[in-house]
Amino acid sequence: MAKEKEISKNWLEEVLPKLNPGATVKVHQKIKEKNTKGEEKQRIQIFEGLILAHRSGKQKTATITVRKIAAGGIGVERIFPIYSPAIAKIDVMRTANVRRAKLYFVKGYKKKLKEKSAK
């Protein structure tokens, strides 16, 4: 019981930026790799893209769906659990004015989203 409280206390203490659909973010993810000798190395891999959806609010199971356009114009989507220990940090690059909670229509969208004006 004490371990559960300690774990839940840790994820509650994490301060994250506002992660709303339409925001362009950089997700820094910890990647563990093994070489031929069996030694384990850890590095940070950055995934930059547009948030399409945010699920579960501030619960520990909260996730964001991020989409980026990879080489050759191919769209790549990944779902990140935002309170996972594998996520080093999340940087919000810019935000856009959107009128939907889920931006799945962006998959076939040719125009760019309009950036939010600073107030």
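Quick rundown of the values:
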{"quantity": "Complete set of residues in the range 17-53 that are surrounded by 14 or more Cβ atoms within 10 Å (Cβ to Cβ), modelled with pLDDT under 95 and within 20 Å of Ala86 (Cβ to Cβ)", "calculated": "Leu19"}
{"quantity": "Single residue of the range 54-63 satisfying the filter (surrounded by 13 or more Cβ atoms within 10 Å (Cβ to Cβ) and not small (Gly, Ala, Ser)) that is nearest to Glu115 (Cα to Cα)", "calculated": "His54"}
{"quantity": "Which numbered condition Val98 fails, given (1) touching a residue at least 24 places away in the same chain (Cβ under 8 Å); (2) over 19 Å from the mean Cα position of the chain (by Cα)", "calculated": "(2)"}
{"quantity": "Qualifying residues in the range 64-108 (those that are aromatic (Phe, Trp, Tyr) and either closer than 26 Å to Arg43 by Cα or surrounded by 12 or more Cβ atoms within 10 Å (Cβ to Cβ) (or both)) - the one modelled with the highest pLDDT", "calculated": "Phe80"}
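The values are calculated or read from the model by the stated rules, or taken from the named source; none is laboratory data. Keep in mind that this is a model prediction, so the values were computed, not measured. Note: ideal-geometry Cβ built from the backbone for every residue, glycine included; neighbour counts use all protein chains shown.
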